[in-house]
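**Student:** Dropping a structure here in structure tokens format, bear with me for questions.
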Amino acid sequence: KMSTKSYLSSAADIACLMSTKRVFLFDCDGVIWNENTLVPGAKDLLTRLKQLGRQVFLVTNNSSKSRAQYVAKCRKLELPIEEADIVCTAAVAAGYISKLKLPGVTYVIGSQGLQDELELHGIKCCGFREDDDTAVHDQGVEQFGDAPLRNDVSCVLLALDTRFNYLKLLKACSYVSAGALFLGSNEDAFLPSGQPSPTVPVRLPGTGAMLSALCVATQQQPAAVMGKPHRPMLDYAVQLMTEARPDQQPPPLSQWLMVGDRLDTDIAFGRRHGMDTVCVMTGCTKPADLLDLSEANSELKPNCAAESVADLLPHLAE
Ligand code: PLP
Ligand code: CA
């Protein structure tokens, strides 16, 4: 049946996309789940895609969890997802850094899950937790207490850190200025928040806010950003497919589909790298955002728009 909402794609257009793709990438928050609640239909769609032998990836810019933590979350939600299906910025960063075989240690602004993933890949880390305490800093910038600057930091990785502070910024800034490789997890400006508030609505700053602080202070841009819309996330998915089936070439990107809720990360990721894209309305994009897109914003324009992942399932061909 034809949609009565002008921003939504016709069933025929969605069927055309769904029936021809072999690799399906799903953003997580706002597409598969919202925080800890599954989006209705997500489990059925993932299950059916796997039954049909399609490659499925969950692709998230959320740097706070390791792949093992995502597997645990998926198990709890009863999703048919295993470690080799998860592309999260922590794992992409760990793969990226370990390939470089840098000497020395990586200064991490981030979270426990991120640090666990890095250490699992043999990357030596410093900074996280030990620089949480801002008290040393109230004594003045020369007073580092138990945490002086080191001379063996070869890389600075900045991800979401809810204990971000001036001391961490100062150290990251010093290491980058001294020549350490500057990497960012992702550039999301703010995070989805369902938190009720008795006063004003909560707006949670994202990794991009902290990354900007480091860019301004160092007057440098990161050498690479792991998350959507950037390339490392795609390279990692290709690597996972090649590891799973060394005898097979991954399908061309024209046979990949990116399903997301955010235009400047998910949809731009697909478009920039040659994939078709579907925007769903269960996350942060509102109908007006789609209708407002001008031709100048073609990188943000999805091929199709659907109410939710539940609307994709009926259009899967055998
Ligand atoms: N980063 C953090 C810390 C988050 O909590 C979230 C969503 O919950 C995101 C990024 C966005 O995640 P996704 O790329 O799965 O939408
Ligand atoms: Ca999302």
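The values are calculated or read from the model by the stated rules, or taken from the named source; none is laboratory data. In this text, all values refer to a predicted model and were calculated from it rather than measured experimentally. Quick reminder, even Gly has a Cβ in these numbers, built from the backbone with ideal geometry, and neighbours come from all protein chains shown. The area values use the complete protein model at the heavy-atom level, side chains included, leaving out ligands, DNA and RNA. Shrake-Rupley method; radii C 1.70, N 1.55, O 1.52, S 1.80 Å.
**Student:** Taking only protein heavy atoms and a 1.4 Å probe, what accessible area per residue, in Å², does the chain have with all protein chains in place?
**Tutor:** Roughly 47 Å² per residue, with all protein chains present.
**Student:** May I pose another question? Considering only 92, 49, 156, whose Cα is most displaced toward the positive end of the charge dipole of the chain, charges sitting on Cβ of Lys, Arg (+1) and Asp, Glu (-1)?
**Tutor:** Result: 49.
**Student:** How large is the charge dipole for the chain, taken about the Cα centre, if only the Cβ atoms of Lys, Arg (+1) and Asp, Glu (-1) carry charge, to the nearest 20 debye?
**Tutor:** 560
**Student:** Mind listing the Cα extents of the range 1-139 along all three principal axes, in Å, largest one first?
**Tutor:** 67, 34, 27
**Student:** Within straight cross-link reach of residue 99, meaning Cα distance under 25 Å, which lysines are found once same-chain residues fewer than 8 apart are removed?
**Tutor:** 65, 124, 171, 228
**Student:** Here's another thing I want to ask about it. Under 28 Å between alpha carbons, and skipping anything fewer than 8 positions from residue 5 in its own chain: which lysines qualify?
**Tutor:** Counting by Cα, and skipping residues close in sequence, residue 5 has these lysines nearby: 21, 43, 286, 301.
**Student:** Further question on the same structure: Of 175, 7, which has the most accessible area and how do the rest follow, probe 1.4 Å?
**Tutor:** Reading off the accessible areas and sorting them downward yields 7, 175.
**Student:** Taking square-rooted eigenvalues a ≥ b ≥ c of the alpha carbon gyration tensor, is the range 155-312 rounded, prolate or oblate, where a/c under 1.5 means rounded and, failing that, a/b exceeding b/c means prolate?
**Tutor:** Oblate, since a/c reaches 1.5 and b/c is not below a/b.
**Student:** Test of understanding: what is the full-extension gain from residue 223 to residue 253, defined as 0.36 nm times their sequence separation minus their Cα-Cα distance?
**Tutor:** Length gained, residue 223 through residue 253: 8.3 nm.
**Student:** Shifting gears a bit: So what's the back-of-envelope 222 nm ellipticity for the chain, counting only DSSP H runs of four-plus at -39500 (n - 2.57) apiece and dividing by all residues, rounded to 500?
**Tutor:** After summing the helix terms and dividing by residue count, I get -9000 deg cm²/dmol.
**Student:** While we're here: Cα-based Rg of the range 224-318 per 2.2 N^0.38 Å, rounded to two decimals?
**Tutor:** 1.17
**Student:** In the chain, with Lys and Arg counted as +1 and Asp and Glu as -1 at Cβ, which of these residues, 242, 189, 177, has the Cα nearest the positive end of the dipole, that is, farthest along it?
**Tutor:** Result: 242, furthest along the dipole toward the positive end.
**Student:** Can you send over the solvent-accessible area of residue 166, 1.4 Å probe, protein chains only, in Å² to the nearest 10?
**Tutor:** Rounded to the nearest 10, that gives 140 Å².
**Student:** Continuing with the same structure: Please state, to two decimals, what the Cα-based radius of gyration of the chain comes to when divided by 2.2 N^0.38 Å (N = residues).
**Tutor:** Rounded to two decimals, the normalised Rg is 1.04.
**Student:** Please report, in debye to the nearest 20, how large the charge dipole of the range 80-233 is about its Cα centre when each Lys and Arg carries +1 at its beta carbon and each Asp and Glu carries -1 there.
**Tutor:** So the dipole magnitude of the range 80-233 works out to roughly 480 debye.
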